[in-house]
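Structure first, commentary second.
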Amino acid sequence: MRIIQDAEVRSLIDMVTAISVMERAFAMHARGDLHAPPRFHVENDRARLVFTAGTVGGDDGCMGFRVYPALGVNTPEGQQFVAIYGSDGVLEGIVLGDTLGQMRTGAIGGVALKHMTRPDVRVLAVIGTGRQAETQLEAAVQVRPFEEIRVYSRDAEKRKAFARRMSQQLRRDIVVADEVERCVRGAHVVICATNSRTPVFDPRVCQENCVNSM
């Protein structure tokens with residue numbers, strides 16, 4: 001049985017591959033070849049454990065589950081656990097850490113962008129500078145040739161650090177917006193990667209020019 005940890009995940013799969021895998025997964029689900037019931041959770045008075053599970057049929061089929069704790073905004077990193085079983089029910093491997101889940105979520109956004117936006121979109125706005133924002137942005141630039149990328153979050157230092165880090169990683173210029181309205185105004189695509197319980201921008205600011213918001 002193989003055990004894969006965060007440090008190894010990125011050496012085994014890149015975002016282009018992750019997007020392709022998720023695209024195939026959606027197609028399989030539409031055909032009924034992939035079964036993925038709604039997530040569920042168990043909890044006590046301090047925390048929740050959230051479970052997702054799925055299975056793919058056929059000779060090369062597999063099944064598995066993912067579990068992670070929900071402790072609020074202060075959940076420590078590296079808490080996810082993924083177990084993969086072969087079609088015969090034998091445990092084949094375990095993935096520990098958050099990287100795979102973050103890439104999966106980003107890849108889903110990439111699939112959505114590929115199929116739900118016009119090919120000529122050029123301006124991307126990203127609201128949020130956390131771990132999910134990183135992979136959403138990484139996937140977005142793989143499926144559309146954005147000419148301008150803007151980023152905003154409430155913390156000025158975090159948004160500057162995010163722009164520096166992602167500019168270097170993606171080799172793209174990223175503009176830091178000092179107000180959310182400046183970030184979304186005129187954007188063709190808006191990615192919201194926040195945990196805010198209230199609206200983070202007024203959609204009327206960009207509705208005339210915004211092609212899709214995610």
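The values are calculated or read from the model by the stated rules, or taken from the named source; none is laboratory data. All values derive from a computational prediction rather than experimental measurement. Every residue, glycine as well, gets a Cβ built from its backbone with ideal geometry; the counts of neighbours run over all protein chains shown. Side chains included, ligands, DNA and RNA excluded: accessible areas come from the protein's heavy atoms. Shrake-Rupley method; radii C 1.70, N 1.55, O 1.52, S 1.80 Å.
The magnitude of the dipole of the chain, with charges of +1 and -1 set on the Cβ of Lys/Arg and Asp/Glu and taken from the Cα centre, is near 500 debye.
With all protein chains in place and a 1.4 Å probe, the accessible surface of segment 97-169 carries 48 percent carbon and sulfur. You can think of it this way: the chain between residue 53 and residue 24 has 8.7 nm of extra reach, that is 0.36 nm per residue less the Cα-Cα gap. A 1.4 Å probe run over the protein chains yields, for segment 1-153, 56 Å² of accessible area per residue, whole-number rounding. Each residue of segment 184-189 was assigned a 3J(HN,Hα) from its phi angle through the Karplus curve 6.51 cos²θ - 1.76 cosθ + 1.60 (θ = phi - 60°); the sequence is 8, 5, x, 6, 7, 9 Hz, with glycine and proline shown as x. Between 132, 79, 142, the Gaussian network model of the chain with springs among Cα atoms under 10 angstrom shows the greatest mean-square fluctuation at 79.
Under 5 Å from the amide H of residue 80 lie the amide H atoms of 97, 98, each residue being 5 or more positions distant or on a separate chain, with H modelled from the backbone and absent for Pro and chain starts.
Distance from the C-alpha centroid of segment 38-71 to that of segment 135-181: 31 Å, rounded to the whole angstrom. Packing around the peptides 168-178, 149-159, 33-43, taken as the average count of other Cβ atoms within 10 Å per residue, puts them in this order, highest first: 149-159, 168-178, 33-43.
Could you tell me the ratio Rg/Rh of segment 2-67? Both radii from Cα atoms, Rh via Kirkwood.
Details: Rg = 14.8 Å, Rh = 14.2 Å.
Computed over Cα atoms, the ratio is 1.04.
Residue ranges 95-104, 51-60 sort as 95-104, 51-60 when ordered by packing (mean number of other C-beta atoms within 10 Å per residue, highest first). Across the options 115, 50, 97, the greatest Cα extent toward the positive end of the charge dipole of the chain (unit charges at beta carbon of Lys, Arg, Asp, Glu) belongs to 115.
Which value, in debye to the nearest 20, gives the size of the charge dipole of segment 96-214 about its Cα centre, when Lys and Arg are +1 and Asp and Glu are -1 at the Cβ?
Here segment 96-214 has a charge dipole of around 180 debye.
With contacts taken as Cα pairs under 8 Å and at least 6 residues apart, the chain reaches a relative contact order of 16 percent.
Per-residue ellipticity at 222 nm computed for the chain from its helices equals -11000 deg cm²/dmol, with DSSP H segments shorter than 4 residues left out and the rest contributing -39,500 (n - 2.57). Electrostatic bookkeeping for residue 122 treats Lys and Arg as +1 and Asp and Glu as -1; over the other residues with beta carbon under 15 Å from its beta carbon, the sum is +1.
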